[in-house]
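Written out below as structure tokens is the structure these notes cover.
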Amino acid sequence: MVFPPNETIYLPGLREELTQMMEHIAQTSIATQLEEISTYRQQLENENLYLQEQIQTEYNHSEIIGAGPGMQKVFHLLFQVAFANSTVLILGETGTGKELIARAIHNASPRKDKLMVKVNCAALPANLIESELFGHERGSFTGATERRIGKFELANRGTLFLDEIGEMPPDLQVKLLRALQEKEIERIGGKGAIRTDVRIIAATNRDLQKEVNEGLFRSDLFYRLNVFPITLPPLRERKEDIPVLTAHFIGRFARNAGKKINNVSHKVMQELMSYNWPGNVRELEHLVERSVLLAGTATIKEMHLPRVDRKDLKRALENNYIKTIDENERDHILDVLKKCRGKVYGTGGAAELLGVPVSTLNSKIKRLGIKKEHFFSAPNPPPSS
């Protein structure tokens, strides 16, 4: 084919434009691929970080302990909802074990082989929560030097645990509601929606219904989260679990410290049962850890409970104190000896009234540490026995 003379002069320019265009396409493709590789690498690094955190958490909390009716109800609800995909709202005071329950739900669910990603809404500044949840594109704001994968994307096909959800700012509540309703998110500075498959477990120590009534929390978000509420009882309402919890923590911390400690004294246990536990199980856990480190014997004989009003402590001890069999027997023998004015044998003596041989009564008196000054307070000497 022969080009007219006036058209041949355009060929070199056209060839140069085509070359530049191909180079630009190649460079753009490489840049896109590098960006995708960087994104996948960051996601893998984040997943590795969360897997390490999960392993550490499971090591620290190998089991949930609770034999009383309060925790048995929690266990029943937990197993009812674990295999569903429903949103769960865990309510309870600080230190009751909300994250532990969330992890148990995740581990018992079909999503257990994927990540459970945690976001503490109270620990992040308000201006960072959106980026933490939804991610951002490079250059979307000052300091955004690279693309960031948000927790929603990281938890895709897994579980997203929103701890302290009551602390979330109102403007973020709107965006979270949209993400839950539409099942899609958009990175800050992004140009398109990203589909996500995430199960939500939220937790709070606040009364969200009260917050809704006062206009501090969006009602539509509350109803979206409150599909399956689980309320954890405070430790003061499940004191029957204190002995087994204490033994569990002693076993763990004694192993870690390389000490042979296996129990607490009766006096210490009575104090633990009488204390009000404002910090709940977490407070007990930290107190046992400290006591194990300070203990010099196989039995912990002292725990440094926070200062409390002595009258309140005495009243609590009196109300909650459970005497041992030996203590009940000692008190009963003392009462009889006082009535007999110290007379042990013979007609009207303590042995006769108690219906036991004199030798048996004397043996019990010696074993229980009963002395004459304990039961004889008259100014005259006690009658001879």
Alpha-carbon centroid distance for the pair the range 103-134 / the range 149-194, whole angstrom:
10
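DSSP loop GluC sites (Glu not before Pro) in the range 182-238 with at most 13 other Cβ atoms within 10 Å of their Cβ, which ones? Numbers along the way, then the final one.
Numbers: sites: Glu182, Glu184, Glu186, Glu211, Glu214, Glu237; in loops: Glu186, Glu214.
Answer by residue number: Glu214.
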Residue-wise, which Karplus ³J(HN,Hα) couplings in Hz belong to the range 113-129, taking 6.51 cos²θ - 1.76 cosθ + 1.60, θ = phi - 60°, and x for glycine or proline?
7, 9, 7, 9, 9, 9, 10, 8, 5, 8, 8, 10, x, 4, 7, 10, 5
Taking the Cβ of Ala257 as the centre, find all other residues whose Cβ is under 13 Å away and add up their charges (Lys, Arg: +1; Asp, Glu: -1).
+4
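Do the alpha carbons of any pairs in Lys301/Lys366; Lys239/Lys260; Lys239/Lys366; Lys151/Lys210 sit beyond 30 Å of each other, and which pairs? Can you show the working numbers first?
Numbers: Lys301/Lys366 25 Å; Lys239/Lys260 26 Å; Lys239/Lys366 35 Å; Lys151/Lys210 28 Å.
From Lys301/Lys366; Lys239/Lys260; Lys239/Lys366; Lys151/Lys210, over 30 Å: Lys239/Lys366.
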Exposure-ranked with fewest Cβ neighbours within 10 Å first, Tyr275, Tyr345, Tyr223 stand as Tyr223, Tyr345, Tyr275
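In the range 247-306, which GluC sites (Glu not before Pro) fall in coil by DSSP and have 16 or fewer other Cβ atoms within 10 Å?
Working: sites: Glu271, Glu283, Glu285, Glu289, Glu302; in loops: Glu302.
Sparse-neighbourhood loop GluC sites (Glu not before Pro): Glu302.
Please sort by residue number the trypsin sites (Lys or Arg not before Pro) in the range 182-242 whose DSSP state is loop and whose Cβ has at most 12 other Cβ atoms within 10 Å. Kindly include the intermediate steps, with their values, before the conclusion.
Working: sites: Lys183, Arg187, Lys191, Arg195, Arg199, Arg206, Lys210, Arg218, Arg224, Arg236, Arg238, Lys239; in loops: Lys183, Arg187, Lys191, Arg206, Arg218, Arg238.
Sparse-neighbourhood loop trypsin sites (Lys or Arg not before Pro): Lys191.
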Please rank Thr231, Thr159, Thr297, fewest neighbouring Cβ atoms within 10 Å first, as an exposure proxy.
Thr297, Thr231, Thr159
Taking neighbour counts of Cβ atoms within 10 Å as a proxy for exposure, in what order, fewest first, do Met168, Met303, Met22 appear?
Met22, Met303, Met168
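No lab work stands behind these numbers, since they all come straight from the coordinates. From a predicted model like this one, the values you see are computed outputs, not experimental measurements. Cβ sites come from the backbone with ideal geometry, for glycine too, and all protein chains shown count toward neighbours.
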